[in-house]
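I have placed the structure first, in the form of structure tokens, so that the comments after it can refer back to it.
The values are calculated or read from the model by the stated rules, or taken from the named source; none is laboratory data. Note that the structure is a prediction, hence the values are computed from the model and not measured. Neighbour counts run over all protein chains shown; Cβ positions are idealised from the backbone, glycine included. Surface areas here come from the heavy atoms of the whole protein model, side chains and all, with no ligands, DNA or RNA. Shrake-Rupley method; radii C 1.70, N 1.55, O 1.52, S 1.80 Å.
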Amino acid sequence: MKRNRILSLLLSAALLVALCAGCGSSSSSESSTESSSSGSSGGSTEDTYALTLTMHDSETSVMGQYLQSWADEVYEQTDGHVDITIHFSGVLSAATDVADNVLAGAVDIGWLYTAYYSGQFPLSEVITLPLQGFGDCVVSTEVLWDLYEEYEEVSEEWSEFKLLMLYGNPGMKIATSGAAITSLSDLQGLSIRCPSGPITDILQEWGANPITMATTDIYEALEKNNINGYIFEESGIVTFSLQELTTYIIDYALYDGPFGLIMNWDSWNSLPEEYQEIIESVSGYDASMAAAEAFAENAVSARETISEAGVEFVTPSDELLTEMQGAADEYAAEWVEDITTDSFDGEAYLEQAKALAEQYGD
């Protein structure tokens with residue numbers, strides 16, 4: 001099975017290379033690249049560098065628009081010498097293949113959602129722990145960057161790539177196409193679409209049947225009654241028109257999900273140092289915070305769109321939250337044990353992340 005997966009990835013990479021011949025290439029045949037992340041920059045500022053960026057959201061989504069404006073800024077500040085073409089809606093790479101394709105160099109830059117990569121970004125996914133104080137994307141982005149800069153173990157999770165941005169999405173909520181959820185008994189036996197990660201196990205503890213599927217498949221699954229609801233944030237709900245088939249949303253943010261904008265090291269090292277500096281000047285912490293703020297603002301307007309479609313936002317009772325909290329806390333304790341090693345204190349790490357969320361939330 002492992003051999004078949006490797007062959008599949010190689011074939012996928014070969015196909016992508018054929019589709020985007022010249023990805024990350026310069027107009028000059030003398031441009032050099034280096035595979036090491038510590039390698040020096042190459043190429044000439046007189047050359048033009050055509051780069052590809054893949055994302056699974058649409059061109060009209062808030063993040064589609066944000067990354068397009070970022071690519072336009074890179075183009076403008078490099079006087080057109082670095083031209084980033086964004087391929088939207090997973091046309092160039094499925095959301096589950098972004099990391100592999102960027103690593104292979106079949107795509108230069110990828111918009112990666114860690115939920116599709118179970119076990120690959122465990123420490124960065126601390127903000128995905130439900131009901132542990134994470135549910136505001138601006139706050140979670142601050143938390144992520146503090147952890148990324150303080151813990152070598154966190155930055156190491158991203159070391160295979162040149163990390164351009166790292167930020168959270170708006171708080172994830174439970175939405176249903178049937179009756180409102182007022183107690184855990186209402187969740188019993190319901191099929192709920194969710195990303196992978198902690199929420200999958202916790203939904204099971206709450207009595208639901210978690211179903212993992214691509215965001216693009218949620219609408220059809222609801223329409224065919226293959227699922228009874230889903231876990232998503234407001235911006236995503238509107239992006240995929242899910243408000244048309246939704247009746248209730250539990251108005252409580254359970255957790256956030258991390259997004260990373262990653263770049264192939266060879267593609268990065270092929271750029272002249274001057275262009276690398278320009279890209280870094282419009283990326284990193286500031287660009288990540290701007291992305292989170294754009295996400296948050298869009299979630300507010302998306303909420304209005306959802307309400308206008310007739311969807312009711314239901315405030316959960318204290319009793320329901322107490323019921324949910326038990327399973328969430330048990331999972332968090334198990335998560336701490338899983339990430340703890342002789343040289344890494346998982347409990348201290350989680351407590352610091354929670355303290356940072358409280359600090360920035362205030």
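Using the empirical formula 2.2 N^0.38 Å as the baseline, the Cα radius of gyration of segment 229-362 reaches a ratio of 1.40. Each DSSP beta bridge with both residues in the chain is either parallel or antiparallel, and the antiparallel ones are about 55%.
Protein heavy-atom accessible surface, 1.4 Å probe, per residue over segment 241-362: 47 Å². Contact order for segment 73-118, expressed relative to its length and based on alpha carbon pairs under 8 Å spaced 6+ residues apart, stands at 25 percent.
For the chain, what is one quarter of the convex hull surface built on the Cα atoms, given in nm²? Mind showing how you got there, number by number?
Working: hull surface 74.3 nm².
Average projection, Cα convex hull of the chain: 18.6 nm².
Residues in segment 49-94 average 40 Å² of solvent-accessible surface per residue, probe 1.4 Å, ligands and nucleic acids excluded.
Karplus-based coupling profile of segment 175-192, in residue order and whole Hz: 10, 10, 9, x, 6, 6, 9, 10, 8, 4, 4, 6, 8, 4, x, 6, 8, 10, with θ = phi - 60° in 6.51 cos²θ - 1.76 cosθ + 1.60 and x standing for Gly or Pro. A crude spin-label estimate for the pair TYR151 and GLU358, with each label 7 Å from Cα along the Cβ direction, gives 1.8 nm.
Scanning residues 5 or more positions from ASN209 or on other chains, those with amide H under 5 Å from its amide H are GLY189, LEU190, SER191, ILE192, with H placed 1.01 Å from N in the peptide plane.
Taking the Cα centre of the chain as reference, the dipole from Cβ charges on Lys and Arg (+1) and Asp and Glu (-1) amounts to some 1560 debye. When you filter the chymotrypsin sites (Phe, Trp or Tyr not before Pro) in segment 44-93 for DSSP loop state and at most 12 other Cβ atoms inside 10 Å of their Cβ, nothing is left. When +1 charges are put on Lys and Arg Cβ atoms and -1 charges on Asp and Glu Cβ atoms, the dipole computed for segment 131-194 relative to its Cα centre reaches about 660 debye. Annotation for PHE313 and THR85: the two label points, set 7 Å from Cα along the Cα-Cβ direction, are 4.1 nm apart.
In percent, rounded to a whole number, the relative contact order of segment 107-173 is 36, using alpha-carbon pairs under 8 Å and six or more apart. Near ASP57, the amide H atoms lying under 5 Å from its own belong to SER89, GLY90; only residues 5 or more places off or on other chains count, and H is placed 1.01 Å from N. Taking every alpha-carbon pair under 8 Å whose residues sit at least 6 apart, the chain reaches a relative contact order of 24 percent.
What full-extension length gain, to one decimal in nm, is calculated for GLU334 and THR182 as 0.36 nm per residue of separation minus the Cα-Cα distance?
Numbers: separation 152, 0.36 × 152 = 54.72 nm, distance 2.71 nm.
Gain on stretching GLU334 to THR182: 52.0 nm.
In whole percent, and with a 1.4 Å probe on the protein chains, what portion of the accessible area of the chain is carbon and sulfur?
On the way: 7200 of 15810 Å².
Result for the chain: 46 percent of the exposed heavy-atom area is carbon or sulfur.
Per the helix-only calculation at 222 nm, which mean residue ellipticity applies to the chain, given -39500 (n - 2.57) for every DSSP H run of n ≥ 4 and division by its residues, nearest 500 deg cm²/dmol? Please report the intermediate quantities before stating the final value.
On the way: 13 runs with 158 residues, N = 362.
It comes out at -13500 deg cm²/dmol, rounded to the nearest 500.
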